[in-house]
Amino acid sequence: MKVQSSKSVELQQVTMEGSSGCQVRWLLSSTDGTPNFSMRQFEVAPGGYTPKHYHPYEHEVYVIEGEGEAYEGDTPHPIRAGDVVLVKPDDLHQFKNTGDKALKFLCLIPNSADNRPGVQQPECSAVAAR
């Protein structure tokens, strides 16, 4: 068993093109001995967003704090603390903070996705800031 404070895990800037004001903590991953899934915590600053992208694996999201929008393609879905989101494989998606404090959410992905980048189509960079 591993027990630690999430705050003891380094908060890293998301550097993927098309993101703004977005940071991530890799709370648990295969390097910690997780057999199936990795758990990340994202923090998106007010007005910030994750990159608009897709990938061949699912992920599950639990909103801890704040409010925003989860985009399914160009369709926004309002999200707030306590909401859950399923992003299916190959769904074009993005998360935006529409509130006045940090949007924080947990994101679980299969270990097979560790260090595999999402795919941005050329038009994704242009629409990310919409």
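Read-outs throughout are calculated quantities, based only on the coordinates presented, and are distinct from any laboratory measurement. These numbers were taken from a predicted model, which means no experiment stands behind them. A quick note on method: Cβ atoms are made from the backbone with ideal geometry, for glycine too, and the neighbour counts reach across all protein chains shown.
Between Q4 and H77, 0.36 nm times their residue separation minus their Cα-Cα distance comes to what?
Values: separation 73, 0.36 × 73 = 26.28 nm, distance 3.26 nm.
Difference between extended and current length: 23.0 nm.
Can you tell me the order of 87-97, 24-34 when each peptide is scored by its average per-residue count of other Cβ atoms within 10 angstrom, highest first? Kindly include the intermediate steps, with their values, before the conclusion.
Values: 87-97: 19.2, 24-34: 15.3.
So the peptides 87-97, 24-34, ranked by packing, come out 87-97, 24-34.
Mind checking which aspartates and glutamates have their Cα closer than 13 Å to the Cα of K2? Skip sequence neighbours fewer than 8 apart in that chain.
Output for K2: D32.
Could you tell me which of N36, L86, M1 has its Cα farthest along the dipole of the chain towards the positive end, charges placed at Cβ (Lys, Arg +1; Asp, Glu -1), taken about the Cα centre?
My answer, from the dipole projection, is M1.
List, in the order given, every pair from K7/K104; K7/K52; K52/K88; K52/K96 whose Cα-Cα distance in the structure shown is over 21 Å.
Numbers: K7/K104 13 Å; K7/K52 27 Å; K52/K88 14 Å; K52/K96 10 Å.
The pairs that break the limit, which is 21 Å between Cα atoms, are K7/K52.
R0 = 35 Å: FRET efficiency of D100 with N36, Cβ-based, nearest 0.05? Intermediate values should be presented prior to the final figure.
Values: r = 37 Å, r/R0 = 1.04.
Taking R0 as 35 Å, the efficiency between D100 and N36 is 0.45.
Students often check this: by mean Cβ neighbours within 10 Å, which of 10-21, 45-56 ranks highest, and how do the rest follow? Display every interim value, and only then the final one.
On the way: 10-21: 13.8, 45-56: 19.2.
Listed from highest to lowest mean packing, they are 45-56, 10-21.
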